[in-house]
Structure formats: structure tokens, C-alpha cells
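Worksheet: one structure, shown below.
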Amino acid sequence: MAQLGSSLSAETETLSNVRSLMEAFRAFDSDNDGAINAAELGGILSSLGYNASEQDVRAMMREGDGNKDGLLCMEEFLEMNTKDMELGELANCLNTAFQAIEVQGDEVLTATELYEVMGNLGMGQHSLEDCQSVVASMDADGDGAVTLEDFKLILNALLD
């Protein structure tokens, strides 16, 4: 099987971790406005097993709140929590594939589509199994596809 590299499983685990952060964010965004306040951030941290003090939560809010509106949007939350994560060589491949897929106007991405796009872009060294692993790691609802919105959020968090 052609591998994206010896670290494919580590890279897909990184993608899966980012997806988990997104799911936690959405679960605690109680009013579904795409932003969380300090209380909601505290809830996320507790659900992830962290026992952060109110002072710690306020400090995290100040650190992550790039536009200083007192809230964390999904992008700010991901940036704050993924700065030490790396995607390795997979990042460039996925970024190139995303740009091609975005032009096609699809709203979701399946492993087969990713495989075909990568092949069309001259990245044919990646097997369908590799692409299935990558999509599965980002697939929040288990339907075999990832929304382009989530794909973009994950990539942006890991490429910044």
C-alpha cells in the first residue's frame, strides 16, 4: 500500500483531534452563534478533562480572542488549541486538493473524490486506503464524507 509517509497514522490522529475540538466547540456553543463565551469555554475544558480555574479561563479568553470582542469564534478556538499540532507532509497535499475541490463547488468530500483529485493533481502516490483514513479522521458524523466547511477549518487550524 502506498503511504503518504510513515507518519500517516499520526497525521490522521492529528486531524481527528482537531475534529474532536470542533465537536466540543459546537456542543458548548449553546446559542449556535459560532462563538463561545468564558462560561462555555470552561464547559469545554471540563468536558475534555481539564480543571481550569475561572482565572485560567479568563486568561485563555484574552489569549485566544484575536478580535477582542470577548468571545472565541471557531477559528480562534482552533488556533489557540492547535498551535503545537503538526500535520507534516499531508498538509500540503490536502491544501492543494482542497483548492481544487473548492473550485468544483462540492459541499462534501468523500475518500473517492479526494483520491481522484489527488491523482488528477499528480499526487497519485496516495492510495484509496490512505484517502479513506484521511477522510475518516475528519468525518464527524460517520457518513463517509467531510463537509468542505469542516475540511477548511481543520486545514486552516493546522496550516497557520
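The values are calculated or read from the model by the stated rules, or taken from the named source; none is laboratory data. Note that the structure is predicted; figures quoted are calculated from it, not measured. Neighbour counts run over all protein chains shown; Cβ positions are idealised from the backbone, glycine included. Just so you know, the surface numbers come from the protein's heavy atoms only, side chains and all, with ligands and any DNA or RNA stripped out. Shrake-Rupley method; radii C 1.70, N 1.55, O 1.52, S 1.80 Å.
In table form, for the structure just shown:
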{"item": "Qualifying residue in the stretch 126-142 (condition: touching a Gly at 6+ places or on another chain (Cβ under 9 Å) and open to solvent by 70 Å² or more (accessible area, probe 1.4 Å))", "result": "yes"}
{"item": "Residue match in the stretch 64-78 (condition: open to solvent by less than 20 Å² (accessible area, probe 1.4 Å) and farther than 20 Å from Ile154 by Cα)", "result": "no"}
{"item": "Search result, residues across the stretch 18-49 that are over 20 Å from the mean Cα position of the chain (by Cα) and closer than 16 Å to Arg62 by Cβ", "result": "Asn37, Ala38, Ala39, Gly42"}
{"item": "Qualifying residue in the stretch 46-55 (condition: closer than 21 Å to Val134 by Cα and open to solvent by 50 Å² or more (accessible area, probe 1.4 Å))", "result": "no"}
{"item": "Single residue of the stretch 1-18 satisfying the filter (hydrophobic (A, V, I, L, M, F, W, C), part of a loop (DSSP other than H, G, I, E, B) and surrounded by fewer than 17 Cβ atoms within 10 Å (Cβ to Cβ)) that is modelled with the lowest pLDDT", "result": "Met1"}
{"item": "Thr82 being surrounded by fewer than 16 Cβ atoms within 10 Å (Cβ to Cβ) and among the β-branched types (Val, Ile, Thr)", "result": "no"}
{"item": "Top-ranked residue in the stretch 96-122 [being crowded, with 16+ Cβ neighbours inside 10 Å and touching a residue at least 24 places away in the same chain (Cβ under 8 Å); ranked as nearest to Ile154 (Cα to Cα)]", "result": "Phe98"}
{"item": "The one condition in (1) closer than 22 Å to Ser30 by Cβ; (2) buried (at least 17 other Cβ atoms within 10 Å of the Cβ) that Cys93 fails to fulfil", "result": "(1)"}
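Results for (1) out of contact with any strand residue (DSSP E or B) (no Cβ under 8 Å at 6 or more places or on another chain); (2) small (Gly, Ala, Ser); (3) within 19 Å of Ser16 (Cβ to Cβ), shown as yes or no for each residue.
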{"position": "Leu78", "(1), (2), (3)": "yes, no, yes"}
{"position": "Ala91", "(1), (2), (3)": "yes, yes, yes"}
{"position": "Leu114", "(1), (2), (3)": "yes, no, yes"}
{"position": "Val146", "(1), (2), (3)": "no, no, yes"}
{"position": "Lys152", "(1), (2), (3)": "yes, no, yes"}
{"position": "Asn156", "(1), (2), (3)": "yes, no, yes"}
